[in-house]
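Below is one structure; the comments refer to it alone.
The values are calculated or read from the model by the stated rules, or taken from the named source; none is laboratory data. Since the structure is predicted, the reported quantities are computational estimates derived from the model, not experimental observations. Cβ coordinates were reconstructed from backbone atoms using ideal geometry, including for glycine residues, and neighbour counts include every protein chain displayed.
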Amino acid sequence: MDIILFSAVYGIHLVSVILVALYGIHRLVLLRLWMGVRRREQPSAEVLPEPLPLVTVQLPLYNEEAVASRLLAAVGELSWPKACLEIQVLDDSTDGTRGAVDEGVARLQAAGFDACVLRRSTRDGFKAGALAEGLERARGDFVAIFDADFIPPSDFLFQTMPRFSSPEVGMVQARWGFLNDRDSLVTGVQALTLSSHFDIEHGTRYASGRFFNFNGTAGVWRKEAIVGAGGWTADTLTEDLDLSYRAQMAGWRLVYHGACVAPSELPPTLTDFIAQQERWTKGAVQTAVKILPKLLRSPLAWRVKVEAIFHLLGGLGWLAGALATVTLWPALMVHGTRASALAWIPGVAALSGSCGAIVFYYTVYALMEHRSRHLLRYVPMLPLVCIGVAPFLALSAMEGLFTRHGVFHRTPKYGELKTGGQRSKGLADGATFGRALVAFALVAITAPPLLFVLDSLAFYAVPLAMAVPAGYMLTGAILARESGVGRGASERSMPPAARG
């Protein structure tokens, strides 16, 4: 009976590591496509439309007191003619943000801008609901959207609007830049993954005719494309991803403009990063459940369908990674009764997945401009961080498979506040400490396989057996510090720029 149970666990482990390997192979496929795209890149020939169209700038805010004034000031610096600009602040806030917004909008109006504040009595639909209500009142044929933590460059519209020279273009997405990517391991790893998301994933998918997505901010939509695709909907937690796929399936072309960079603030703590990733992971899987059946039945090219599967179901990789780590010990126990060739499969598959991802990031940054070279030092830490957060994101992926909607939890923004923003320390610290305990428990569960591997000379499994407990230990240590264990820990978890 025991051997049957252990064999079943081994089967789960084997399937999980194979899925992880497929993720790594997919990274290498994207890398290969990207290399070809780089060689074919040509200067853009687009020109500004004449006459200049009216653009509505939408700023969806919810309790963003730390950064609201900064955003409004940046929008006030946009060089697009004021006569062709409408500014909507979609403010659902319940705190001091309201006062900051009113003051900022008053300054914009005094400077001659057509600016207004739209407030709702409820947060129905969360961000999607706010955007939809604002769109109903928008006078512009184009809509630029910026989240609270972004600082759009003054020439943002002059850079993006020429890309609408073709009437089939429905959206232009700019690249995100990062204001605090040098602050810590947490922000450095985020910048590493997000930079590759934009430069490689977006750039490759766009240039090769595959589907890619609007990232919810730092982009411009043609209003007709939003309406024609069915508008903003709140039945997933990633309304931006959902709309992007619906628009492309309706025939609109989305454009990625990587040369236009909008600086933004990264979540400075691992707690906030996990919360953000939980929302993105759950929402992407929800979008897959909603969109994929129709997409796969469509006459679209097979390369579009395959990439859509990897893209929308990428969140299940967290589930596969979590299962691979917690089943490692029983899987290794089974190795003693299995043929040596079969025993090698999980180790080789796990190495393929990890090495594929590492090669992907190293190659990308070896070939990119100097602005991102400092991120190279975070590449070796990336697998450890991914291992450590996988169990938390795996749960979100499972929820995305079986639930719709959900509560849109905003990611805290800290801006220049010395206090670290308006975060509720009591509730956040309790949840964070609970996650730290889970991570440390997983260290205890996943450390024994390393002793078994060394004792049995199963050296093919050493990298995985070492990385798994190390990843959980790193995650547990960071979360424990952020949870406020020890007086002053909350302040230590903030980036240096936000400390007094």
*Of the residues G406, G430, which single one is outside the structural domain of V186 (by TED's automatic domain parsing), at pLDDT below 75 and assigned to a helix (DSSP H, G or I)?*
G430
*Only one residue in G24, G36 is touching a Ser or Thr at 6+ places or on another chain (Cβ under 9 Å), exposed (fewer than 14 other Cβ atoms within 10 Å of the Cβ) and not basic (K, R), so which one is that?*
G36
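Looking only at segment 474-498, filter to residues that are part of a loop (DSSP other than H, G, I, E, B) and at pLDDT 50 or above; which one of those is farthest from V443 (Cα to Cα)? Show your work before the answer.
Looking only at segment 474-498, we keep the residues that are part of a loop (DSSP other than H, G, I, E, B), and these are 483-488, 493-495.
Within this subset, residues satisfying the condition of being at pLDDT 50 or above are 483-485.
Working: S483: 18, G484: 21, V485: 19 Å.
The residue in question is G484.
Within segment 454-473, does at least one residue satisfy the condition of being β-branched (V, I, T), in a helix (DSSP H, G or I), modelled with pLDDT of 60 or more and surrounded by fewer than 17 Cβ atoms within 10 Å (Cβ to Cβ)? Quick ask: steps written out before the conclusion?
Step one: list which residues in segment 454-473 are β-branched (V, I, T), which gives 462, 468.
Then drop every residue that is not in a helix (DSSP H, G or I), which leaves 462, 468.
Now narrow it down to the ones that are modelled with pLDDT of 60 or more: 462, 468.
Then drop every residue that is not surrounded by fewer than 17 Cβ atoms within 10 Å (Cβ to Cβ), which leaves 462.
Checked against the condition, which is being β-branched (V, I, T), in a helix (DSSP H, G or I), modelled with pLDDT of 60 or more and surrounded by fewer than 17 Cβ atoms within 10 Å (Cβ to Cβ), segment 454-473 yields at least one hit.
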*Enumerated helices (runs of 4 or more DSSP H) restricted to segment 311-390, each holding at least 3 residues that are surrounded by fewer than 17 Cβ atoms within 10 Å (Cβ to Cβ), modelled with pLDDT under 65 and out of contact with any strand residue (DSSP E or B) (no Cβ under 6 Å at 6 or more places or on another chain)*: 340-367
*Those residues that are more than 11 Å from the chain's Cα centre (by Cα), under 29 Å from T160 (Cβ atoms) and aliphatic (A, V, I, L, M), I need them from segment 257-288; list them, please.*
A259, V261, A262, A288
*Is there a residue being buried (at least 22 other Cβ atoms within 10 Å of the Cβ) and not in a helix (DSSP H, G or I) anywhere in segment 162-171?*
yes
*Yes/no for P267 being surrounded by fewer than 24 Cβ atoms within 10 Å (Cβ to Cβ) and in contact with a Ser or Thr (Cβ under 6 Å, 6 or more places away or on another chain)*: yes
*asked:* I need a count of the residues in segment 1-49 that are modelled with pLDDT of 85 or more and among the charged types (D, E, K, R).
replied: 2
_Any residue that is touching a residue at least 40 places away in the same chain (Cβ under 8 Å), hydrophobic (A, V, I, L, M, F, W, C) and assigned to a strand (DSSP E or B) - is there at least one of those in segment 66-80?_
no
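Looking at S184, is it out of contact with any helix residue (DSSP H, G or I) (no Cβ under 7 Å at 6 or more places or on another chain), surrounded by fewer than 22 Cβ atoms within 10 Å (Cβ to Cβ) and of a type in the set (S, T, N, Q)?
Numbers: out of contact with any helix residue (DSSP H, G or I) (no Cβ under 7 Å at 6 or more places or on another chain): yes; surrounded by fewer than 22 Cβ atoms within 10 Å (Cβ to Cβ): yes; of a type in the set (S, T, N, Q): yes.
The answer is yes for S184.
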_So R253 ticks every box in (1) closer than 15 Å to R205 by Cα; (2) buried (at least 21 other Cβ atoms within 10 Å of the Cβ); (3) in the same structural domain as D199 (by TED's automatic domain parsing) but one. Which box is left unticked?_
(2)
_Unmet requirement for E307, which otherwise passes all of (1) within 23 Å of A390 (Cα to Cα); (2) surrounded by fewer than 23 Cβ atoms within 10 Å (Cβ to Cβ); (3) acidic (D, E)_ = (2)
_Flag if A66 is surrounded by 21 or more Cβ atoms within 10 Å (Cβ to Cβ) and at pLDDT below 95_ = yes
*Find the residue count for segment 218-250, including only residues that are in a strand (DSSP E or B) and buried (at least 23 other Cβ atoms within 10 Å of the Cβ).*
3
